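Reviewing the structure listed below.
The values are calculated or read from the model by the stated rules, or taken from the named source; none is laboratory data. Everything numeric in this text was worked out from a predicted model, so none of it was measured. Glycine also receives a Cβ, built like all others from the backbone with ideal geometry; neighbour counts cover every protein chain displayed.
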Amino acid sequence: MRPRCSAAPRVGRRALRAALLGLLLLPTAGPPARGAPEPAAPLLGFEIRDASGALRGWLLGTVHVGRPGERVLDPRMEELLRKSEALVVEIDVLALDPRRTAQLLAERGSLPPGESLAGRVSAPTLQGLLTTLDRRGLPRAAFLATEPWLVALALQERIFRESGFVPERGVDRALLERARGRLPVIALETLEEQVALLDGLPRDVQELMLREVLLQAEEAERILGELVASWRSGDTRALEAAVFRDLARHPELAPFYERTFFARNRRFAAEVGELLRRSEQRPLVAVGAAHLVGHRGLVSLLREAGYELRQIGAASR
């Protein structure tokens with residue numbers, strides 16, 4: 001049996017809240033979209049122009065779940081999709097085979113025979129999980145035989161659904177549904193790559209992810225509502241602050257941010273840049289909103305590569 005993991009590092013509540021955003025990677029999770037932004041608000045989307053000023057495409061920040069009965073796409077998003085000639089997404093959720101997805105998660109997320117989650121997380125985290133599971137009537141055995149990252153994802157999705165937010169109403173899925181059969185779809189990642197990313201996180205970071213889900217279990221709707229407000233208003237500075245403000249204060253989270261945000265941002269920017277160079281098609285690049293912001297976000301990286309990005313609906317400087 002592997003040695004017991006020590007207690008996870010103490011971090012500020014805002015930093016833990018930012019860590020929760022990192023769980024919003026797989027198509028089963030994401031911050032809620034409570035309808036479209038107000039018409040006067042800037043869109044969390046950008047025109048991409050080359051050095052000559054020619055329009056080359058668009059970059060759009062998305063969320064991955066929403067509430068049934070509420071409009072998923074802002075009319076401006078639908079207009080961008082109509083004008084685009086290809087749709088670029090993190091992962092094509094409509095192309096996923098549910099059986100293969102379940103098999104992959106079981107292969108990568110199950111603990112080896114004879115091992116238990118009790119040997120991977122601290123006693124306080126384990127007790128918090130057991131209390132949460134019992135309160136919701138969820139079976140202990142299935143969770144205790146699972147890696148911390150997958151426990152966090154599964155529990156988070158359950159909490160989202162209890163709050164009325166489902167992946168079937170995500171912006172990414174809605175764009176893919178409208179593009180299907182009309183536009184070529186280009187995926188920047190595979191499910192295997194996303195699962196490997198989470199499974200490869202250090203144990204203490206995986207425990208931080210699980211602890212945050214447990215801490216926020218009873219107030220997830222309010223907390224996510226605060227975070228998504230910046231997305232709805234197109235406020236890039238507020239979103240950046242919500243995601244990255246406390247990273248410098250808590251260096252123990254650096255491996256988490258590097259793997260889930262910064263390394264992926266660099267790869268996304270390189271692939272989008274290559275697509276723009278080799279093709280005359282004007283794509284709509286739609287990825288999670290947190291990937292757009294900050295000096296290591298896609299907007300900054302594409303600007304460094306020589307492209308001009310103008311936020312849609314923002315006042316001219």
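At-a-glance table
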read-out	value
Residue check for L292: under 22 Å from I186 (Cβ atoms), among the aliphatic types (A, V, I, L, M) and over 18 Å from the mean Cα position of the chain (by Cα)	no
Matching entry among G57, G61, G66, G53 (being among the small types (G, A, S), modelled with pLDDT of 90 or more and under 16 Å from the mean Cα position of the chain (by Cα))	G61
Matching residues, the stretch 43-54, being over 30 Å from I159 (Cβ atoms) and touching a helix residue (DSSP H, G or I) at 6+ places or on another chain (Cβ under 9 Å)	F46, I48, D50
Selected residue [of a type in the set (S, T, N, Q) and either crowded, with 17+ Cβ neighbours inside 10 Å or in contact with a strand residue (DSSP E or B) (Cβ under 6 Å, 6 or more places away or on another chain) (or both)] from T125, T131	T125
Cβ pairs under 9 Å, 6+ apart, first in the stretch 50-77 and on the phi > 0 side of the Ramachandran plot, second small (G, A, S) and part of a strand (DSSP E or B)	G57/A86
Residue check, V171 over 16 Å from the mean Cα position of the chain (by Cα), closer than 24 Å to P42 by Cα and modelled with pLDDT of 85 or more	no
The stretch 171-216, subset part of a helix (DSSP H, G or I) and of a type in the set (D, E), residue farthest from L96 (Cα to Cα)	D204
Some residue of the stretch 139-146 being in contact with a helix residue (DSSP H, G or I) (Cβ under 7 Å, 6 or more places away or on another chain) and among the aromatic types (F, W, Y)	yes
Unmet criterion (only one of (1) in contact with a strand residue (DSSP E or B) (Cβ under 7 Å, 6 or more places away or on another chain); (2) surrounded by fewer than 21 Cβ atoms within 10 Å (Cβ to Cβ); (3) at pLDDT 90 or above) for E192	(1)
The stretch 104-117, subset under 10 Å from P148 (Cα atoms) and hydrophobic (A, V, I, L, M, F, W, C), residue surrounded by the fewest Cβ atoms within 10 Å (Cβ to Cβ)	L111
From the options E258, E271, residue that is in a helix (DSSP H, G or I), more than 18 Å from the chain's Cα centre (by Cα), within 24 Å of H64 (Cα to Cα) and not aliphatic (A, V, I, L, M)	E271
Candidate set from the stretch 139-163 (those that are out of contact with any strand residue (DSSP E or B) (no Cβ under 8 Å at 6 or more places or on another chain) and not hydrophobic (A, V, I, L, M, F, W, C)); member that is farthest from D199 (Cα to Cα)	E162
Cβ pairs under 9 Å, 6+ apart, first in the stretch 111-127 and in a helix (DSSP H, G or I), second of a type in the set (F, W, Y)	L117/F143
Tally of residues being under 13 Å from V93 (Cα atoms) and of a type outside the set (G, A, S) across the stretch 179-199	9
Which listed residue is surrounded by 20 or more Cβ atoms within 10 Å (Cβ to Cβ), in contact (Cβ under 8 Å) with a residue 40 or more places away in the chain and out of contact with any Lys or Arg (no Cβ under 7 Å at 6 or more places or on another chain), from L275, L292, L247	L292
